[in-house]
Amino acid sequence: MAGRVMAKQEAPQSFKLSPVVLVFLLTLGFFYLLDHFSKSQPGAETIPYSQFLSDVDEGKVAEVALSTNKLTGELKQAPPNHSKYFSSIRVEDPNLAQRLKTAGIQFSGLEETSGFWSAILSAVLPLIILFVFWSMIFRRSFSAEKGGGFLSLGKSKAKVYVETDLKTKFEDVAGVDEAKEELQEIVNFLKEPERYSSLGGRMPKGILLVGPPGTGKTLLARAVAGEARVPFFSINGSEFVEMFVGLGAARVRDLFEQARKQAPCIIFIDELDALGKARGISAITGGANDEKEQTLNQLLAELDGFDPSQGVVLLAATNRPEILDPALLRAGRFDRSILVDKPDRQGRAQILKVHSKKIKLDPSVDIEAVASMTAGFSGADLANLVNEAALIATRRKAPAVNVNDFTQAIERIVAGLERKSRLLNPEEKKRVAYHEMGHAAVALALGHDEIIHKVSIIPRGISALGYTLSRPTEDRYLMERNELETKMAIALGGRASEMKFFTDISTGAGDDLDKATDIARAMVTRYGMNDELGVGVFERDPSPMLGSQMPVRTFEYSEQTAQQIDLAVKSLLHKSLDMAGNVIERYRAMVDEGAQILLTQETLDEPALKRLWEKYRAAPATPVSTAIRPISSA
Ligand code: ADP
Ligand code: MG
Ligand code: ZN
């Protein structure tokens, strides 16, 4: 992470008064003046009221000024060592005026100075206190980012980081060749903006990188900056969303302003969905939306007033493009999106190669084989895998990372940490062994392209008591109906095996049933794979763009159809359980032997399973069994 500096250069701190101190001083000064003015006569002496009365009676008083609660006056003659002027607090005395008049003393009213000032004070003081309090909170919420405190409210101290001289290059990103190709054009443009503008070509204003988490979107954006050697302004969508309304918008303005000054450069808004949620969706939650909306509007305004020929390229990334506000995606704004998808097998191998440069790899490791074991892994998962493998190798004090470390790391990532401490009683252990062997047997017999590469009865993760790890031989994008049915049968293999070998069934199949039911339901309601129901789609995923405000699944069918769906799902599950039961029946001896091995050795690896299968594959077919009990008695 080279050259990460704050974009905002700060003025030297030395001449700045802290605003809190400033307010404090002002308040003090105010009190001083107040005190000063409320004293009508300098050097006046405060005397008791009784003394004043006796002075009046003795004819010593020359003049008096009265207010409702105070009086001040002047003596005809100053007593020795005392001031000629006096003041006194008034006592309830309705006859005073009469008394003064009789004594022939000149008297007048006095302006209510103290009352006036205290009125002002009581109005202003709470404001001052509030102000000080507020500015303290304000300062605290930004104390991490330095800056001018509350006096520079509009100037955001946004975490607008600009990085110059990035070391990330395209070669650090693998397996996303199409995206790289598209971005190469942006790099060229950033290198020579003049050449592009002289031909009249226009760059797209905003480019949106779309793809699942961990596929390298952030990495790609950085690589573009690294390749083009331009400054990289980055901000996370969630950072725009501020506690104070209007601040997010100020940040957006600031970000674009700063970037324009440094063109050519890249502005990158990560996790754009945090900011650009469709406005309707969040309306029901109320509260913070004003702020979000203002910020979003500011962003839209900046996009409109933004001229890409200046050499500023706007990149953004999101993994949820479907929730983005349509206004963001219309032409002239983020008008090009680039898909950054999960890597295929080749891509995974390339990513593994990139990351294993950082570790010491045993020459015997076949990266291609590791890649084929990791279908569905994202780039970030693979980076994590390489690291885990290195950690495992370190733990066994090996000189280099070998294939075994990789398989262990994969198992750990896929199934969770081993938990040898979880003790199963022998009966439970036996059940788990037969259950897992049931899955394995069905997969061996029916799963054409599914390779079982490990069966284990070591508890793992939060809930698994045992596990069967399979991997597809290739990446799959389409599934045929019979493959889905096979998948269901494999999932139900554990239960089928329990039914064959035990008198009662157990809760161990809970997750399996979940999985099988999901597949069956999807086949019926989404893929049109049920002959009676036909090709209609009956359930959709929540789609906020379709005007529905609540993120709920939409159901579009009548009661009658609902019943049909239930029946169809049930019959699919039934069929799959039957399929699994038949396999277990036919390969009963294999399941038995496998389970016994599991009970002594805890795991069966790929070669061991292969040997088992070779030994039993020619088992004679049995007639369709009726011994399987239905999944429910209904
Ligand atoms: P995203 O932004 O798409 O969620 P990131 O770019 O933050 O994903 O990726 C996280 C990490 O995973 C990266 O820092 C990198 O180490 C690794 N990674 C992800 N995708 C790739 C890839 N295509 N090539 C190499 N490394 C990758
Ligand atoms: Mg990211
Ligand atoms: Zn199971």
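The values are calculated or read from the model by the stated rules, or taken from the named source; none is laboratory data. Fair warning: this is a prediction, and the values are worked out from it, not measured in the lab. Glycine gets a Cβ as well: all are built from the backbone with ideal geometry, and neighbour counts include every protein chain shown. Ligands, DNA and RNA are excluded from the accessible area calculation, which covers all protein heavy atoms including side chains. Shrake-Rupley method; radii C 1.70, N 1.55, O 1.52, S 1.80 Å.
Sort 490-503, 598-611, 293-306 by the packing proxy (mean of other Cβ within 10 Å over each peptide's residues), most packed first. Spell out each step's value before the answer.
Working: 490-503: 23.9, 598-611: 15.6, 293-306: 18.2.
Averaged packing, sorted descending, gives the order 490-503, 293-306, 598-611.
Between E418 and K261, what is the spin-label point distance in nm, taking each point 7 Å from the Cα along the Cα→C-beta axis?
The two pseudo-label positions are separated by 5.9 nm.
Antiparallel versus total DSSP beta bridges in the stretch 426-626: what percent is that, nearest 5?
Working: 13 of 13 bridges.
Counting DSSP beta bridges with both partners in the stretch 426-626, the antiparallel share is about 100 percent.
To the nearest 20 debye, what charge dipole does the stretch 345-414 have about its Cα centre, counting +1 at the Cβ of each Lys and Arg and -1 at the Cβ of each Asp and Glu?
Working: 10 positive and 7 negative charges, 50 e Å.
With Lys and Arg at +1 and Asp and Glu at -1, about 240 debye.
Which value, in debye to the nearest 20, gives the size of the charge dipole of the stretch 426-626 about its Cα centre, when Lys and Arg are +1 and Asp and Glu are -1 at the Cβ?
Details: 24 positive and 31 negative charges, 77 e Å.
Roughly 360 debye for the stretch 426-626.
As a test, work out the antiparallel percent of DSSP beta bridges whose residues both lie in the stretch 40-114, rounded to the nearest 5.
On the way: 10 of 16 bridges.
Here the share of antiparallel DSSP bridges comes out near 60 percent.
Could you tell me which of the pairs K205/K292; K358/K610; K357/K610 are separated by over 30 angstrom between their Cα atoms in the structure shown? Walk me through the numbers on the way to the answer.
Details: K205/K292 22 Å; K358/K610 35 Å; K357/K610 34 Å.
Too far apart for the 30 Å limit: K358/K610; K357/K610.
Identify all aspartates and glutamates with a Cα-Cα distance to K60 below 14 Å; exclude those on the same chain that are fewer than 8 residues away in sequence.
Straight-line reach from K60, under 14 Å: E74.
What aspartates and glutamates does K575 reach when the alpha-carbon gap must be under 13 Å and sequence neighbours fewer than 8 apart in one chain are set aside?
E485
Roughly speaking, what is the centre-to-centre gap between the stretch 569-602 and the stretch 476-532 when only Cα atoms are used, to the nearest Å?
Going from one Cα centre to the other spans 13 Å.
Restricting attention to the stretch 376-419, which trypsin sites (Lys or Arg not before Pro) occupy a DSSP loop and are surrounded by at most 10 other Cβ atoms within 10 Å? Display every interim value, and only then the final one.
Values: sites: R395, R396, K397, R412, R419; in loops: R396, K397, R419.
Here the trypsin sites (Lys or Arg not before Pro) that fit, given the DSSP loop and packing criteria, are R396, K397.
Of V224, P321, P204, which is farthest towards the positive pole of the stretch 159-339's charge dipole, taken about the Cα centre with +1 and -1 on the beta-carbons of Lys, Arg and Asp, Glu respectively?
P204
What does the highest-first list of 72-84, 53-65, 318-330 look like by mean Cβ count within 10 Å? Can you show the working numbers first?
Numbers: 72-84: 13.7, 53-65: 15.6, 318-330: 17.6.
Those peptides, ordered most packed to least, come out 318-330, 53-65, 72-84.
Determine the sum of side-chain charges near T218: Lys and Arg each +1, Asp and Glu each -1, restricted to other residues whose C-beta is under 10 angstrom from that of T218.
Working: positive: K217, R222; negative: D270, E271.
Charge balance in the 10 Å sphere: 0.
Note the full-extension length gain between L121 and L199 as 0.36 nm times their separation in residues minus their Cα-Cα distance, in nm to one decimal.
Values: separation 78, 0.36 × 78 = 28.08 nm, distance 6.89 nm.
Length gained between L121 and L199: 21.2 nm.
Counting only protein heavy atoms and using a 1.4 Å probe, what share of the accessible area of the stretch 40-114 belongs to carbon plus sulfur, as a whole percent?
That share works out to 50 percent.
Which net charge results for the neighbourhood of T517, defined as the other residues with beta-carbon distances under 14 angstrom from its beta-carbon, given Lys and Arg at +1 and Asp and Glu at -1?
On the way: positive: K487, R495, K515, R521, R526, K570, K575; negative: E485, D511, D512, D514, D518, E539, D566.
So the environment of T517 carries a net charge of 0.
State the extension gain, in nm to one decimal, for the chain segment bounded by K570 and R476, taking 0.36 nm per residue of separation less the distance between their alpha-carbons. Show your work: numbers first, answer last.
Values: separation 94, 0.36 × 94 = 33.84 nm, distance 2.65 nm.
In short, 31.2 nm is gained.
Could you work out the local net charge near A316, counting Lys and Arg as +1, Asp and Glu as -1, over the other residues with Cβ closer than 13 Å to its Cβ?
Values: positive: K205, K217, R320, R333, R336; negative: D270, E271, D273, E302, D325, D335.
Overall, the nearby charge balance is -1.
Between Q596 and N425, what is the label-to-label distance in nm when each label sits 7 Å out along the Cα-to-Cβ direction?
It is 2.5 nm.
If I compute solvent accessible area with a 1.4 Å probe over the protein chains, what percent of it on the stretch 159-339 is carbon and sulfur?
On the way: 3530 of 7290 Å².
The computed percentage sits at 48.
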